[in-house]
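Heads up, the thing below is written out as structure tokens.
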Amino acid sequence: MIAKLENLLKEAFSDLSRADTREKAAQVKTRYIGRKGEIASFLKELGGLPAGERKAAGEAINQAKDAIEKEAERLLSSFDEREKAARLTTDRVDVTLPGRRAPLGKRHPVTQVMDSVEAIFSGLGFDIAEGPEVELDYYNFEALNLPKDHPARDMQDTFYINEEVLLRTHTSAVQPRVMEVERPPLRVIAPGTVYRRDSDITHTPMFHQVEGFMVDRGVRFSDLKGILTQFLHELFGEDTGIRFRPSFFPFTEPSAEVDIRCVICSGSGCRVCKGSGWLEILGAGMIHPEVFRTVKYDPEEYTGFAFGLGIERIAMLKFGIDDLRLFFENDIRFLRQF
Ligand code: FA5
């Protein structure tokens, strides 16, 4: 048996020396010292040996097993070392490379215009107020002199939630909310999102408005003209064409709409201004006495003006964009340009 063991040992070492991959070395190891390996079959034969020979044979088997195991482990860890060294050279990190920049967003053109509008009116002494987008019919219509069956309600196609609740169609709804709790003198703007069932190149179902109003003793239409002209000149430049047109709103009397020269076509007529050379950007007028009565202001004592402007319209003109819907598609190539 001892002679057979010596042969086995030689064979094992020679097999190990020929194993040129980690996998092959592991296979050789299993073949010799695995649970069903060569050494195990020697151990099984032990029982058949005469009692006097068993101890020596047992020791020899264990020695052979240890020797094979040691050599196999040495070989395996040398393969591991080589593999690690190879990985270190291929996976090397160049710490001097500049970092990858995370793509940086920009302020949306609508937000930029909203900020400029707020800054100009703050400079003119106006405070900022806010109201809810999901609004009561009362503030959006009734308190603004638009009772339930008033035909002028059709001017603004409304998203109703139920009989009494709707998505506000204009920021004018903030007007009675503020006047209900504050006394004149008032100079307030109310920026925000509004909703209408409307969609084409100059109308979207969701858009932004800024409402403005001023109430005090002796406020006149000329104050309205002065403030709006000052505002539009600050926003678009001193030589921007502006015109006031008579109009109708149930909550103002007299009422006007303000147009600005179409900057897309400089007034020669294009699809944005529908050939007129002008683009309507705001509605305005002197606050109706009925609105004052609703909020318990005495119309004999106080007068005031109000206006409501569309932010997207202004952004279109400022940035020369000919389709309103582009603002809400969130195409990064479009947004990056501003
Ligand atoms: C109003 O909303 C009135 N509340 C404005 C007002 C306030 C008048 C105070 C008098 C006193 P109008 O529906 O015209 O009015 O809208 C005002 C502005 O919002 C328009 O001039 C336009 O610039 C913009 N606008 C209206 N509908 C849309 C739409 N669907 N998409 C984008 N902008 C719109």
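The values are calculated or read from the model by the stated rules, or taken from the named source; none is laboratory data. None of the values given here were measured: they were computed from a predicted structure. Neighbour counts are summed over all protein chains in view; Cβ atoms, including those assigned to glycine, are modelled from backbone coordinates with ideal geometry.
Structure notes:
- Close Cβ contacts (under 6 Å, 6 or more residues apart or on different chains) running from residues in the range 7-36 that are assigned to a helix (DSSP H, G or I) to residues that are basic (Lys, Arg) comprise Ile33/Lys65.
- Restricting the first member to the range 79-94 and to residues that are under 15 Å from Arg22 (Cα atoms), and the second to residues that are of a type in the set (D, E, K, R) and surrounded by 10 or more Cβ atoms within 10 Å (Cβ to Cβ), the beta-carbon pairs closer than 6 Å and six or more apart or on different chains are Phe79/Arg22.
- Which numbered condition Glu253 misses (of (1) more than 8 Å from the ligand (Cβ to nearest atom); (2) closer than 30 Å to Arg183 by Cβ; (3) in contact with a Gly (Cβ under 6 Å, 6 or more places away or on another chain)): (3)
- Ile260 being modelled with pLDDT under 95, within 16 Å of the ligand (Cβ to nearest atom) and within 23 Å of Leu144 (Cβ to Cβ): no
- The set of residues in the range 131-150 that are more than 33 Å from the chain's Cα centre (by Cα), within 14 Å of the ligand (Cβ to nearest atom) and in a helix (DSSP H, G or I) comprises Ala143, Leu144.
- Across the range 267-326, the number of residues qualifying as within 14 Å of the ligand (Cβ to nearest atom), assigned to a loop (DSSP other than H, G, I, E, B) and basic (Lys, Arg) comes to 1.
- Of all the residues in the range 96-118, those that are at pLDDT 95 or above and either in a loop (DSSP other than H, G, I, E, B) or loosely packed, with under 11 Cβ neighbours inside 10 Å (or both) number 0.
- Remark: Phe244 matches the filter, which requires a residue to be within 14 Å of the ligand (Cβ to nearest atom), at pLDDT 85 or above, assigned by TED's automatic domain parsing to the domain that holds Val219 and surrounded by fewer than 18 Cβ atoms within 10 Å (Cβ to Cβ).
- Condition check for Phe79 on (1) in contact with a Lys or Arg (Cβ under 7 Å, 6 or more places away or on another chain); (2) assigned by TED's automatic domain parsing to the domain that holds Pro176; (3) surrounded by 15 or more Cβ atoms within 10 Å (Cβ to Cβ): one failure, at (2).
- Subset of the range 114-143 (residues that are closer than 16 Å to Gly310 by Cα and touching a helix residue (DSSP H, G or I) at 6+ places or on another chain (Cβ under 6 Å)): Met114, Ile120
- Of the residues making up the range 196-226, those that are surrounded by 14 or more Cβ atoms within 10 Å (Cβ to Cβ), in a strand (DSSP E or B), within 29 Å of the chain's Cα centre (by Cα) and near the ligand (Cβ under 9 Å from one of its atoms) number 7.
- Filter result for Arg153 (part of a strand (DSSP E or B) and either over 23 Å from Ile287 (Cα atoms) or of a type in the set (Lys, Arg) (or both)): no
- Selection status of Pro191, surrounded by 10 or more Cβ atoms within 10 Å (Cβ to Cβ), at pLDDT 90 or above and either closer than 25 Å to Thr303 by Cα or of a type in the set (Val, Ile, Thr) (or both): yes
- Some residue of the range 230-238 being in the same structural domain as Val113 (by TED's automatic domain parsing), touching a residue at least 60 places away in the same chain (Cβ under 8 Å) and in contact with a strand residue (DSSP E or B) (Cβ under 7 Å, 6 or more places away or on another chain): yes
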